[in-house]
Amino acid sequence: MAGEFTLVELSKIETDPGRKSVIDTLLMEASLLEIVPWETIGALSTNVVRMGTLPSVGFRKVNEGFTVGTAALEQKVENISIMGGFFDVDKVIVRARNTSINPRALNQVMMTKAMAYKYNDKFINGNPETDPEEFKGLEQRIDDVVAEGYTGQEIDVAGGSVTEGILNSSAISLNFLNKLDQAMYQIKGHNPPFALMNGTMLLAVRALLRKEDLLDKTKDQFDRLVDMYGQTRLVDIGCKADQTTEILPLTETKGGGTTETSIYFVKFGIGEFMWGIQEYPLEVEDKGLLEGSPIYRTEVDWPVGHAMVDPYSISRLYGIIASNAA
């Protein structure tokens, strides 16, 4: 998988059936993986260089020289996290003739879905400070850029005073749309491809945009309808692997209340914005029947992480009360 490939593009040319099956399941369960571009770095970390202060530019008189302008560059290290798992099935289950589906195939689908949910979760909530084995998520990255002085990348929808859902009055709806546009405008180019939120928030935003005749529709690679606001795709980031815990909860307290949530915006681009890094491409290996154990094993191994150069690649709108009823 070359640096310019997304998993969608890789799926189209993949010839190994086991690997293609895993890739397609990941794509079905993790919408983010449809557009994240991946760079193969062949290492466990990579250095990224970010532009800081630009060099000074001025004017000069005839026969005089220009003043030397010095640019400031910042170097950061982005690390790889090793994601994967073993898909184990007892040989007595594999050999049973009264099953309606291949148990190894079923187990692989279930474990791959769990990987997709884990990726979705850590894309937002990954925190190497509490778990050094996971990659850094958007919440921590937003905290980092705000601490570096890019305070506009995090916007409170109502300055801590919100007490009603976004559909509960015209004034609140208008304020939300204004803040939504403001958070999107903070992204370089002002057109983030993804807006990530929970399901309740998506239903509320969809209802509001439909009411204002601002909701568009398109289809993804699996012919599923997806919601669009301008050029931005509205995505329900979903649940964790337990299928009940929201990755983006409705009970945040960051905005001052206790029933609030956030929307994250992100723009991808290798070497320019945010992108995926991998030591090597995803591998799927059938280990067969293990020696000394009556277990058939499949191993999925994917050393992945993310890198970000431009702090204007991400933004967050927080303090929102998601309401899908007026």
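The values are calculated or read from the model by the stated rules, or taken from the named source; none is laboratory data. It should be emphasised that the depicted structure is a prediction, and the values quoted were computed from it without experimental measurement. Reconstructed Cβ throughout: ideal geometry from the backbone, glycine too, with neighbour counts over all protein chains shown.
Cβ-Cβ contacts under 8 Å between residues 6 or more apart (or on different chains), taken from a first residue in the stretch 55-76 that is under 30 Å from Lys136 (Cβ atoms) to a second residue that is surrounded by 10 or more Cβ atoms within 10 Å (Cβ to Cβ) and at pLDDT 80 or above, are listed as Gln75/Asn47; Gln75/Val48; Lys76/Asn47; Lys76/Val48.
For the stretch 85-104, a residue qualifies if it is surrounded by 14 or more Cβ atoms within 10 Å (Cβ to Cβ), in contact (Cβ under 8 Å) with a residue 24 or more places away in the chain and not in a strand (DSSP E or B), and the qualifying residues are Val94, Arg104.
Of all positions in the stretch 170-185, none carries a residue that is in a loop (DSSP other than H, G, I, E, B) and either of a type outside the set (A, V, I, L, M) or in contact with a strand residue (DSSP E or B) (Cβ under 8 Å, 6 or more places away or on another chain) (or both).
Could we say that Glu129 is loosely packed, with under 14 Cβ neighbours inside 10 Å, more than 21 Å from Glu246 (Cβ to Cβ) and in contact (Cβ under 8 Å) with a residue 12 or more places away in the chain here? Here the answer is no, as Glu129 does not meet what is asked. If you go through the stretch 269-315 and keep only what is polar (S, T, N, Q) and either closer than 22 Å to Asp143 by Cβ or in contact (Cβ under 8 Å) with a residue 60 or more places away in the chain (or both), you end up with Gln278, Thr298, Ser313, Ser315.
Consider Leu202 carefully, then state whether it is crowded, with 20+ Cβ neighbours inside 10 Å and within 14 Å of Ala322 (Cα to Cα). First the steps, then the outcome.
Numbers: crowded, with 20+ Cβ neighbours inside 10 Å: yes; within 14 Å of Ala322 (Cα to Cα): yes.
It is true that Leu202 is crowded, with 20+ Cβ neighbours inside 10 Å and within 14 Å of Ala322 (Cα to Cα).
On the stretch given as the stretch 4-51, residues that are assigned to a loop (DSSP other than H, G, I, E, B) and not acidic (Asp, Glu) total 11.
The set of residues in the stretch 259-317 being of a type in the set (Gly, Ala, Ser) and part of a strand (DSSP E or B) consists of Ser262, Gly276, Gly288, Gly305, Ala307, Ser315.
Take the stretch 219-237 and flag every residue that is out of contact with any Lys or Arg (no Cβ under 6 Å at 6 or more places or on another chain), assigned to a strand (DSSP E or B) and not hydroxyl-bearing (Ser, Thr, Tyr).
Those that are out of contact with any Lys or Arg (no Cβ under 6 Å at 6 or more places or on another chain), assigned to a strand (DSSP E or B) and not hydroxyl-bearing (Ser, Thr, Tyr): Lys219, Met228, Arg233, Leu234, Val235, Asp236.
The single condition among (1) crowded, with 16+ Cβ neighbours inside 10 Å; (2) of a type outside the set (Lys, Arg); (3) modelled with pLDDT of 90 or more that Met111 does not meet is (3). Pairing each residue of the stretch 11-31 that is free of Cβ contacts under 8 Å to residues at least 60 places away in the same chain with any residue that is outside any helix (DSSP H, G or I), provided the two are 6+ apart or on different chains, yields C-beta distances under 6 Å for Lys20/Glu14.
Scoring Asp121 on the criteria (1) in the same structural domain as Ile82 (by TED's automatic domain parsing); (2) of a type in the set (Asp, Glu); (3) at positive phi leaves a single failure, condition (3).
Let's see how each residue does on (1) surrounded by 14 or more Cβ atoms within 10 Å (Cβ to Cβ); (2) under 25 Å from Trp302 (Cα atoms):
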{"position": "Ile247", "(1), (2)": "yes, yes"}
{"position": "Thr251", "(1), (2)": "no, no"}
{"position": "Thr258", "(1), (2)": "no, no"}
{"position": "Gly269", "(1), (2)": "yes, yes"}
{"position": "Trp275", "(1), (2)": "yes, yes"}
{"position": "Glu285", "(1), (2)": "no, yes"}
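On the given criteria, is Phe123 buried (at least 19 other Cβ atoms within 10 Å of the Cβ), under 23 Å from His306 (Cα atoms) and in contact with a His (Cβ under 7 Å, 6 or more places away or on another chain)? Spelling it out, it is not the case that Phe123 is buried (at least 19 other Cβ atoms within 10 Å of the Cβ), under 23 Å from His306 (Cα atoms) and in contact with a His (Cβ under 7 Å, 6 or more places away or on another chain). Selection over the stretch 73-95 of residues that are farther than 15 Å from Met110 by Cα, touching a Ser or Thr at 6+ places or on another chain (Cβ under 8 Å) and not β-branched (Val, Ile, Thr) gives a count of 2.
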